[in-house]
Each structure stands twice: as C-alpha cells, then as structure tokens.
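Written below as structure tokens is the structure these notes are about.
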Amino acid sequence: MNPARRRTTSAAAMAVVLATTGGLLTALAAPASAAVSCTSPVYKREFFANTTFSGTPKKTDCDSTISQNWGTGAPASGLPTNNFSVRWTVTRDFGSGGPFALTASTQDGIRVYLDGTRKIDLWKNVSSTVSTTVNLTIPSGKHTLRVDYVNWTGTANVKFAYAPRTSATVDKVKPLTPTGTAVSYDTATGKAELTWSKNKEMDLAGYRVYRRSKGSTSWTRLTTTTATSYTDATLPVTGAAYYYEIRAYDKAGNESTGTADQLVTTVDRTPPAVPTGLSTASEPTNLRIRWKAVEGAASYRVYRAASADGTYTRVASTDQVSYADTSAVEDATYYYRVTALDAAGNESARSAAVSGKRRDLTPPSAVTGVTVTPTEYGFEVRWDANPTPDLAKYVVRRGELWGDEEEQVCSLYPGYYVSADTTSYAYTTVPDGEESCFIVDAIDDAGNSSFQWTGEAQIVVATELDLTPSVATPEGSPVGLTATSSEAGVELSWSPVTDATGYQVYRWNPDAKAYEKLAATTGTSYEDTGAAKGTTHYYWVTAQYADGTESAPGADWVALAP
C-alpha cells in the first residue's frame, strides 16, 4: 500500500521537546584530552598502573618497535617500578598473508593476540628473560596484533617482532595482484607509460612487466623493477595493438597473477571501423545512445540532427560506448550518428543513423473536487475533470486510516481504473459502518501517475452506511456459500453437502428484519434475478436432510452498483 499523509495543524504534532537536567539545558563535556592516533604499522602503546590493564591508562603514545628494557625502574612517569602493565596494538594490511614468525622475549609476562586469539602465552613472574618463537599462517588482508606485557617484580624487559618466513620451501603463497594499473601512450614519442599502486606484501621483492601482441597468448617479460612505474620505449609504431600486465613476486620467488590487460594501440594514420549496433533508450533525465565497441577505438564522437537526412552537429565526445543526451527534451524525436577515433586521432566515417525519443516523465496535475457519498452498495465517488492534455485514465483508490486524531495516514489498497472521460465511480463494498479514506489519481498516456510522482493527493474520508443484518449467522455450517454479481442479478454457488437431499435459499429483508426464503433446489447454484441494483444483498443457504431438518446456514453478501 502507498501511504498518503493527511496534514494536521495540531499543536502536539508541531511540538519540539528539549531534554533538560535540573531545569537547565546541558551539553556533553569535551574530552579531557584528544585521543592518541598512531599510523599503521606503528603501535599504539598504553601504560597501566596495575597488572590487569584496568582503568584509564596513565600514558598513551606511539611505538614503532617493541623492544624495551626498563630494568628495575618505572617505565614512565607516574607508574610504579613493579606491578605495572603495557599494551601495544596495531592493525595493518598483511597483503596476501602466508607463513609468519612471531618472536618474543620477556621478563616477566607477555601474551600476544592475533585478531583476539592468543598465539603466545608466557605469563608468569620470572627471575630471568624467557623467549619463544611461534610459526603460524596469517590470512590475507587486515589483522590486529595486540601485545600485553606485565611486570610483577624485579627487572622489566620485553621484545616482540613479527616477520614473514621467506624460504621457498615454506612460503607457497602468491603475492596479491597489483592494483591501480593504468597505461598512457604518447603518440609523439611512441612510448607507453605504465603505472600501478604499491603492493601491500611484507615480503615483496618487486614487480615484473609483461607485454604481448593483441591476438597472441605468449607474454614477453620486459623488465623487473622495484618501482611502481615503467616506460616502454620499444613499441613499434605500426598501428598494432599490445597488451600489458604487471605481476608482483616475493622473496620466496612466488609470482602473483597478472593484472587486467592494459591495451595500447600504437600511432598510425588508419581510421578505426565505423561503429555499429546503435540503439537509443529513454532514461529519467536523458536519452541514452549506445553502440558496440570498435576495436582500436580510443574515443567516440556523437552527432545529432532533427531529421534522418538533416544537418548533424557534434554534441559529445566520450571514451565510453554510450552517451546520455541530457539536452534532449521530452516527446521530441532525434537522430544520431557516431564515429570512432583511434589513439592517433584518426576518425572513422559516420555510422548509420538511429532515432530516439525521450519518454514523457511529467506527471498529470492532481485530481481536485473529490467527493465521496456513502450508499447502500458502498460509495459514490465523484471528482472534477482533470485538465492534463495527455490524460489517459483515473485510478480510484480506497484505504484505511491509521494513526491517532493528531496525525493520520491513509493506507491505500490497489485501485480501480476508469477512463479519462469519466468523473465518477460506483465503489462497491459491504456497507458495515467502517470509516474509509479515498483518493483519485490521474495517469497520462506515458504511464505517469500524479500521486506516485508527488506523493500528494486530496484525501476524502467517509463512513459507510451500516446495513449489517440484525440476525447473526450461526456458526458451524457445512455450506460454503459464494455470492457474486451477474448480468441478471446475483449468482449463488456452493459445494455439495454429504447426505443433503436439497438446499434452501434465503435473502435478508431489511424491512422485515428477517431472512426470507427465495427458493428450494437440489442443485448447488441459484441465480437471484430479483436482486435490486444499487444496494447490498445478504444471503443464507442451508442444506436440507431427509428427515426435514436443515443445517446451519452458510452466508455471503454482494454489493450491486446502480
């Protein structure tokens, strides 16, 4: 359902509540000092005057290396010489990850965590330095190391380091593929310049640059470098096309997969092929022209005319295979032709023309003058004729009111379509005294809806008449009755009832305040041709048995428009 809000002028709906403390407005106090931020891979270091890392650190700073020997003194001003703790944390990118060695030595205790999981645990008060090395595999990407150190008594010293294991027999993990690859070609010099981003690997040895001719599957290594750029001065200037890719390699000799191929077409004087496969598509703010990519094309030019054989004016240059013409107006037809340009600036002949029209996205004006009158069949809805020139139809929608008296929302059901030359609609529904809300929406011949575009509509609230029979229908009927309107009146149908010898059909008489018998039948349907139009009819059908008794009635109703 699409909610349409009914405005309220209630003071309560407009109130602004200010929270106070003791009758005075309060504001959060500024922090006593700015938080320490350390740039990875530098550690953030925190000193605590206890061995439980509890409370506020006495000091926080940055530390590039964990290698401290405080002896029997205090590690920082304001800390005791015994029973203190220090915590180092750092989050860094480990690239492709792989085998690493964690080394630690300490007096007294050290614990090392990787992403919250303990990897080293030397946690006791000792009288001499103890050491350990842990070999493990670290997954790719970013991870957090936390080193907790505690000194209970005596001498205090701690060292910790982590490093990749670079032996070829141990490290089998390929480096990550280099990213940010780009290539530019200088038509004046015939040189191609490649650039890429620095790799995150901790055991990176360098990069290898490869080239192959377009159409070939054989790569040639051009250079090995530790830089992040390379200029290829060996390209033939024959108009041929070449691909480049960059691969990273580590100290164990593992080589990454290659980057996405980077294409260079050498300087030439031969224009590319003519673009083909042109098409147009209307979008919300433009008319888009698309075409197939042309081999060797570096860019394209788009030309537009008011007729197929008219004068074409260039409206765009782009390196994409589509163009959004934002200057195209709604409901106007345009003709487009496209050319391809290579890296040398050679321009192809113009393509065959393609036409297109930008779709109308201007919604109709809102429907006004809506009135709703409760009737014996539901509601009679009327409205003023909408002046929109391309109006196609109206939609009459009913809904339920949600909310309280201060602000209510009309939650709408799906609607009923009526023709553009109609300004009324007989809305049939059971008149049982319920309150309903209505809108009438206008839709143009392009499918634009006033309500869906603006979210606003005139909302009219009306309460149904209550024609509910005063005689309640008993429960437990074996008769499943269905009542529907027909050309002749009302069609009643039901499922057969076991052991029934026939059926009795009744209709509610509001004047007599009773269900009156209409017919008896042995079939499972009955058409009430005497049902009056413009009102609602209520029916009972009972199953009759051989002993003359009748079952509890099955019930249904139908509202007949005038």
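Since every read-out is calculated from the coordinates, none of them should be taken as a lab result. Predicted model, so just to flag it, every value in this text is computed and none were measured. Note: ideal-geometry Cβ built from the backbone for every residue, glycine included; neighbour counts use all protein chains shown.
By count of other Cβ within 10 Å, fewest leading, how are Glu407, Glu380 ordered?
Sorted ascending by nearby Cβ count, the order is Glu407, Glu380.
Residues with amide H under 5 Å of Arg165's amide H, sequence separation 5 or more or different chain, H placed in the peptide plane at 1.01 Å from N; which?
Here Phe100, Ala101 satisfy the definition.
In square nanometres and to one decimal, what's the mean projected area of the convex hull around the Cα atoms of region 481-560?
Spelled out: convex hull of the Cα atoms, projected over all directions, averaged, 5.1 nm².
Evaluate the charge dipole of region 357-444 about its Cα centre and quote only its size in Debye, nearest 20, assuming +1 on the Cβ of each Lys and Arg and -1 on the Cβ of each Asp and Glu.
The dipole magnitude comes to about 740 debye.
Whole-Hz ³J(HN,Hα) for each residue in region 120-131, computed from phi via Karplus 6.51 cos²θ - 1.76 cosθ + 1.60 with θ = phi - 60°, x for glycine and proline: what do you get?
Couplings: 10, 9, 10, 10, 7, 6, 10, 9, 8, 5, 10, 9 Hz.
About the Cα centre of the chain, what is the dipole size in debye to 20, counting +1 per Lys and Arg Cβ and -1 per Asp and Glu Cβ, all else neutral?
So the dipole magnitude of the chain works out to roughly 4660 debye.
Report, as a whole number in µm² per second, the diffusion coefficient that Stokes-Einstein gives for the chain at 37 °C and 0.692 mPa s using the Kirkwood radius over alpha carbon pairs.
96
Provide the convex hull volume over Cα atoms per residue for region 281-397, in Å³.
Measuring per residue, one finds 134 Å³ for the Cα hull of region 281-397.
Can you run phi through the Karplus equation (6.51, -1.76, 1.60; θ = phi - 60°) for region 523-539 and list ³J(HN,Hα) in whole Hz, with x for Gly and Pro?
Coupling constants for region 523-539: x, 10, 7, 7, 10, 8, 7, x, 6, 6, 7, x, 8, 10, 10, 10, 10 Hz.
Which whole-angstrom value gives the distance between the alpha carbon centres of region 325-385 and region 89-160?
Here the answer is 65 Å between Cα centres.
If you scale each eigenvalue of the Cα gyration tensor by 5 and take the root, what three semi-axes come out for region 498-538, rounded to whole angstrom and sorted largest first?
Equivalent ellipsoid of region 498-538: 23, 13, 7 Å, largest first.
Over the residues of region 43-164, compute the C-alpha Rg and express it relative to 2.2 N^0.38 Å.
Taking N as the residue count of region 43-164, the ratio is 1.04.
Can you list the residues, at least 5 places off or on another chain, whose amide H is less than 5 Å from the amide H of Cys62, using H built in the peptide plane?
Those lying under 5 Å, H to H, from Cys62 are Arg45.
Between region 183-255 and region 524-562, how many Å separate their Cα centres?
Here the answer is 86 Å between Cα centres.
Mind putting a number on the dipole of region 60-142 about its Cα centre? Charges go on the C-beta only, +1 for Lys and Arg and -1 for Asp and Glu, and I need it in Debye to the nearest 20.
The dipole of region 60-142 has a size of about 180 debye.
Hey, what did the chain get for relative contact order, percent, Cα under 8 Å, at least 6 apart?
9
Which value in deg cm²/dmol, rounded to the nearest 500, describes the helix-derived mean residue ellipticity at 222 nm for the chain, given -39,500 (n - 2.57) per DSSP H run of n ≥ 4 and division by the residue count?
Rounded to the nearest 500, the figure is -500 deg cm²/dmol.
With bins 10 Å wide starting at 0, give me the P(r) of region 182-265 over every alpha carbon pair, in whole percents.
Here the calculated profile for region 182-265 is 17, 51, 25, 6, 0.
Could you run the Karplus curve 6.51 cos²θ - 1.76 cosθ + 1.60 with θ = phi - 60° over region 376-385 and give me ³J(HN,Hα) per residue in whole Hz, x for Gly and Pro?
After applying 6.51 cos²θ - 1.76 cosθ + 1.60, I find 6, 10, x, 8, 10, 9, 10, 7, 6, 5 Hz.
How big is the antiparallel share of DSSP beta bridges in the chain, given as a percent to the nearest 5?
Once the DSSP bridges in the chain are tallied, antiparallel ones form about 100 percent.
Which three extents, in whole angstrom, do the alpha-carbon atoms of region 464-528 cover along their principal axes, largest first?
Computed over the Cα atoms, the extents are 38, 31, 20 Å.
Take the Cα coordinates of region 83-242, assign each an equal point scatterer, and use the Debye formula without solvent to give log10 I(q)/I(0) at q = 0.08, 0.19 Å⁻¹.
Each listed q maps to, in turn, -0.41, -1.14.
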